[in-house]
Amino acid sequence: MTGNPAVVLPTACLFAGAFLVYLVARFITTRNVWLATLTAVPFLAALVALARLWPQVSADRLPRWGYLGPDGAFLQADPGALMLIGVVLGLGLLVTIFSGHYLSLDQRYETYYPLLLLLATGLTALVLAADLFTLYLCCELAGVAAYVLVAFRRRTDTAIEAGFKYLVMGSVGTIALLMGIAFIYRGTGSTALVQPGGAASAWVQIGAAGLLLGLGVKSAVVPLHTWLPDAHGRAPSSISAMLSGIVVQCNLYALIKAVLGVGLPASGLGTLLIGLSLANMVVGNTMALVQTHTKRLLAYSTVTQIGYIMLTIGIGLRSGQAATIGAGFFLLLASGVMKALAFLCKGTHHFYSGGTTIAELRGAAVSMPLVAGAFVVALAGMAGVPPLVGFTAKWFALKGMLASGDLVGYLGLAVFLVNSLLALGYYLPLIGTLFAKPPAPTGRVAVSTWMVLPVVALAALTVALGLVPGPWLDWAEGAGAYLIGLSARLAAGTGG
């Protein structure tokens, strides 16, 4: 192994932590609070490791670690990967704290926390992967952990059904991904993620289609999204927060980087993403409007949010503007924070009331005002209400589309606005339900501090990122510059 060990350190902390937590749960204690506390330690250690790596990375400084060389298997840090890893670790830590009380009525803690750490391990390595074999392994590690976590409450038929559906769809994606890698290897004789001149080979073109299909399933790209509403709707809310907050986003980034890496021009991939985004926005909004189950509504809104992200990044790739791609990355960050907040708020309400439908949220503002207020922040942010991060992210996305200077960018802007207005049709009634009069008098609920802290932290972050977006926008633009530079180097035949 050669290169910069700082690249692998965050992933190593999580992987080692998963085994440590499992051994403690197996042989020492199975108390939920103790396991949650212990699980927080690897997340904190990984955050420290990430902070040390962060200054070493920019659009043209890409440290590596592993078996380096044309046919090596290694990890490579880039600005987009580091931003996503930051979200993985931050959400993972908050979900762990939340679970310290949320899971108190459940069993099998000895599997939940190690699997949560393995999910984070797979996601961090996935976005760092610099060869197709590593990408495949990390995608599978994250996928298997997610399948089991979705079905964690195995005593309910709906959880088993959702987990099985996710497994079947994920397996189809895995087969397509593996076949794509095989075709690319047949055409180039290499598993390198970056293939200069690869697009000229028919084998590589077929392989790129396999990558697109396989990672498209895991990114919830319509019409490959059908697993998502059930999985996100039936998983424990803490896991739904991870799935909607960062899992699909990491797979989307892997898709973009992999398809660009095998030689598809940035303009071609951008046009493809724009076309796919339209289906995501229309299907996501249409289905969300008719939902009566709160978590299914939030799940379909995730499909819509992925559409917004693909549209913005697609227009940036098509026009060659790093700032527009950066706006898409900032939208990805904003979406992750707000979706996680919404699911944790819903999970808190369900824990104390048992309600699952939208109608059962009536009176939540009276029974748990702090949680209801945070829920309003999440929903208002996703609806684009200023000064929350959802508004700020959409503002910069629209500016980027306007700056593209071509008809496709202007049409994308119009579609973005129309779908944002459609989304008000389900966000605003949901907010209204929180303040509606309950069917029966209700008193105030004393919510556990373990559950309140992550909710308050994410609500504060939703406000803070909206008011002070500068540092994150600058880093997101660096991610855009990296993707544009990668495409340019491939076009020149010099690689990444």
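Derivation of every value follows stated rules applied to the coordinates shown; laboratory data play no part. This structure is a prediction, so every number in the text was calculated from the model and none was measured. Counting neighbours? That spans all protein chains shown, and the Cβs are built from the backbone with ideal geometry, glycine included.
Numbers below:
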{"quantity": "Mean residue ellipticity (222 nm) of the chain, computed from DSSP H runs ≥ 4 via -39,500 (n - 2.57), nearest 500", "calculated": "-25500 deg cm²/dmol"}
{"quantity": "Lys, Arg +1 and Asp, Glu -1 on Cβ, resulting dipole of the chain about Cα centre, debye, nearest 20", "calculated": "740 debye"}
{"quantity": "Under-25-angstrom lysine pairs by C-alpha in the chain, whenever the two are 8 or more apart or on separate chains", "calculated": "20"}
{"quantity": "Three semi-axes of the equivalent ellipsoid, the range 292-420, Cα gyration tensor, whole Å, largest first", "calculated": "33, 13, 11"}
{"quantity": "Cβ-based charge dipole, the chain, positive-most Cα from Gly261, Phe98, Val337", "calculated": "Phe98"}
{"quantity": "Charge dipole (the chain, unit charges on Cβ, about Cα centre) - positive-most of Tyr482, Leu417, Ala182", "calculated": "Leu417"}
{"quantity": "More than 15 Å apart - percent of Cα-Cα pairs taken over the range 265-314", "calculated": "43 percent"}
{"quantity": "Gyration tensor over alpha-carbon atoms, the range 327-369, equivalent ellipsoid semi-axes in Å", "calculated": "27, 9, 9"}
{"quantity": "Crossing angle, helix 109-128 versus the chain [Cα axis fit, 0-90 degrees, rounded to tens]", "calculated": "30 degrees"}
{"quantity": "Residues Glu161, Glu110 arranged by fewest to most Cβ contacts within 10 Å", "calculated": "Glu161, Glu110"}
{"quantity": "For the range 86-167: Kirkwood Rh in Å [reciprocal of mean 1/r, alpha carbons]", "calculated": "13.6 Å"}
{"quantity": "Rotationally averaged projected area of the chain (alpha carbon convex hull; nm²)", "calculated": "20.7 nm²"}
{"quantity": "All Cα pairs of the range 266-496, percent lying beyond 29 Å", "calculated": "31 percent"}
{"quantity": "Listed residue (Gly275, Val389, Pro438) projecting farthest to the positive dipole end of the range 266-496, Cβ model", "calculated": "Pro438"}
{"quantity": "Ascending count of other beta-carbon atoms within 10 Å, so fewest first, for Arg52, Arg64", "calculated": "Arg52, Arg64"}
{"quantity": "Ranked Asp230, Asp60, criterion: other C-beta atoms within 10 Å, fewest first", "calculated": "Asp60, Asp230"}
{"quantity": "Cβ charges +1 (Lys, Arg) and -1 (Asp, Glu), total dipole of the range 266-496, debye", "calculated": "420 debye"}
{"quantity": "FRET efficiency, 1/(1 + (r/R0)^6) with R0 60 Å, evaluated for Ile206 and Leu370 via beta carbons", "calculated": "0.65"}
